[in-house]
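This report concerns only the one structure given below.
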Amino acid sequence: MSEYYIGVMSGTSLDGIDIAYCQIKEHSFELLQSDSYSFDKEIREDVLKAIKTPLTLKQIGELDTRLGEMYAGAIERFISQKRIDKKQITAIGLHGQTLWHEPNSTHPFSMQLGNPNVITALTGVSVVSDFRRKDMALGGQGAPFAPAFHQYLFSRLKAKIAVVNIGGMANLSILGERLIGYDTGCGNVLMDHWISLNKKETYDKDGEWARSGTFDRDLLEQMLKEPYFSKAIPKSTGRELFNADWLERELRKFSPKKSGALSIKKEDVQATLLELSAMSISNEVKKSGVDMLIVCGGGVKNSYLMQRLGDRLTGVEVVSSDECGVSSEFMEAMAFAWLAHERVHRKCVKLSSVTGASKDSILGAIYE
């Protein structure tokens with residue numbers, strides 16, 4: 001029997017809202033419709049402000065509602081434009097917008113905003129949300145969740161496979177009898193920040209600005225000393241670590257003390273940030289002994305990043321998930337449609353080997 005789910009995802013890059021309409025049967029999954037919608041500029045700035053500076057409870061509560069309204073508006077446009085019958089939709093799988101992810105504190109938590117009650121009230125469709133906190137309550141990292149979906153999609157392939165999703169952060173899945181997955185570190189987030197700061201562009205199209213520069217070995221080596229890269233798994237990260245302040249601290253070491261001016265060209269910084277992403281990913285892939293690396297997420301569009309991954313992974317076939325018949329752009333939105341399906345059917349998601357939770361569990365809450 002077929003069921004239909006919508007998956008909604010906005011990541012750490014804050015570059016848009018991805019929506020996927022999926023048909024799920026017992027042993028098959030098909031993406032039927034997909035689209036991306038702009039992230040409200042004012043809300044985007046307020047999310048970034050919330051990450052950087054203290055907020056009042058009023059501001060947090062209002063941001064939660066505003067995000068819910070924004071998601072609901074995008075979902076309604078999507079349903080209308082794609083001429084989808086609402087009565088067919090079993091549920092919407094909503095990730096929400098991560099403000100903070102703190103799995104290693106004394107009292108671990110992960111905060112995603114985007115009030116699901118608002119969304120179900122405005123759309124008239126049930127919503128499944130709050131996926132991460134149950135895993136954390138069981139001692140897990142609450143991330144990454146993509147590996148379970150990657151295993152579901154690609155375990156049919158015979159090669160030894162790793163999958164990397166390159167969004168704001170990069171998360172790696174090593175498929176096998178024992179599923180392994182973790183965040184390797186920054187994906188696009190630092191490159192996006194640097195080009196926005198210096199060229200007022202939201203991202204480096206095809207990595208052309210990075211390609212125009214030359215990566216600085218000393219700066220790269222300094223950045224790779226970040227303790228997160230050598231930290232044992234399970235591990236996960238986000239903007240709470242890899243952010244503008246982190247980059248500023250690293251660059252300060254390369255600036256003359258008196259002038260404060262950069263001692264390397266801005267395009268060389270961009271090239272170094274791209275190399276940091278490529279190297280931090282490839283270093284982990286090499287440890288896994290895989291034959292194939294499947295790449296998905298926004299990083300697939302950066303042809304120079306894909307080239308540098310291939311250069312660093314000799315002997316490993318580097319392909320986009322599109323080449324395997326699965327959308328690279330909407331992979332995460334599809335994952336949350338699938339997670340909603342698993343929750344509706346009360347299925348445990350096999351993630352404890354990834355997150356370090358004490359056991360696999362049913363994830364997410366249903367808002368009827």
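Of the residues making up region 126-141, those that are open to solvent by 30 Å² or more (accessible area, probe 1.4 Å) and either within 16 Å of residue 233 (Cβ to Cβ) or modelled with pLDDT under 95 (or both) number 1.
Among the residues of region 284-302, those that are closer than 15 Å to residue 165 by Cα, out of contact with any Cys (no Cβ under 8 Å at 6 or more places or on another chain) and outside any loop (DSSP other than H, G, I, E, B) comprise 284, 285, 292, 293, 295, 296, 298, 299, 300, 301. Select from region 1-60 the residues that are closer than 22 Å to residue 120 by Cβ and among the aromatic types (Phe, Trp, Tyr) and write down the one among them that is modelled with the lowest pLDDT. That would be 39.
If only residues of region 56-72 that are free of Cβ contacts under 8 Å to residues at least 40 places away in the same chain and in a helix (DSSP H, G or I) are counted, the one that is surrounded by the most Cβ atoms within 10 Å (Cβ to Cβ) is 66. Within region 307-351, the residues that satisfy the criterion of being over 24 Å from residue 88 (Cβ atoms), crowded, with 19+ Cβ neighbours inside 10 Å, out of contact with any Ser or Thr (no Cβ under 7 Å at 6 or more places or on another chain) and not β-branched (Val, Ile, Thr) are 308, 351. Taking every residue in region 219-243 that is small (Gly, Ala, Ser) and pairing it with any residue that is open to solvent by less than 40 Å² (accessible area, probe 1.4 Å) and not in a loop (DSSP other than H, G, I, E, B), at least 6 positions away or on another chain, the pairs with Cβ-Cβ distances below 7 Å are 236/101; 236/182; 236/183; 238/98; 238/101; 238/169. With respect to the stated conditions, residue 268 fails to be surrounded by fewer than 20 Cβ atoms within 10 Å (Cβ to Cβ), of a type in the set (Asp, Glu) and free of Cβ contacts under 8 Å to residues at least 40 places away in the same chain.
Among the residues of region 188-217, those that are within 17 Å of residue 168 (Cβ to Cβ), of a type outside the set (S, T, N, Q), in contact with an Asp or Glu (Cβ under 9 Å, 6 or more places away or on another chain) and open to solvent by less than 50 Å² (accessible area, probe 1.4 Å) comprise 191, 192, 194, 195, 204, 210.
For region 30-64, the candidate set comprises residues that are among the hydroxyl-bearing types (Ser, Thr, Tyr) and closer than 17 Å to residue 92 by Cβ; within that set, the residue that is nearest to the chain's Cα centre (by Cα) is 36.
Inspection of region 77-99 identifies at least one residue that is at pLDDT below 95 and farther than 27 Å from residue 177 by Cβ. Evaluation of residue 80 against the conditions (1) of a type in the set (Gly, Ala, Ser); (2) open to solvent by 50 Å² or more (accessible area, probe 1.4 Å); (3) more than 20 Å from residue 21 (Cβ to Cβ) shows that the sole unmet condition is (3).
Among the residues of this structure, residue 184 does not count as one that is of a type outside the set (Phe, Trp, Tyr), part of a loop (DSSP other than H, G, I, E, B) and on the phi < 0 side of the Ramachandran plot.
Residues in region 97-114 that are open to solvent by less than 30 Å² (accessible area, probe 1.4 Å), at negative phi and assigned to a loop (DSSP other than H, G, I, E, B): 103 only.
The values are calculated or read from the model by the stated rules, or taken from the named source; none is laboratory data. Just so it is clear, the structure is predicted and the values come from calculations on it, not from any experiment. We place every Cβ from the backbone using ideal geometry, glycine too, and count neighbours over all the protein chains shown. What goes into the accessible areas is simple: the full protein's heavy atoms, side chains included, and nothing from ligands, DNA or RNA. Shrake-Rupley method; radii C 1.70, N 1.55, O 1.52, S 1.80 Å.
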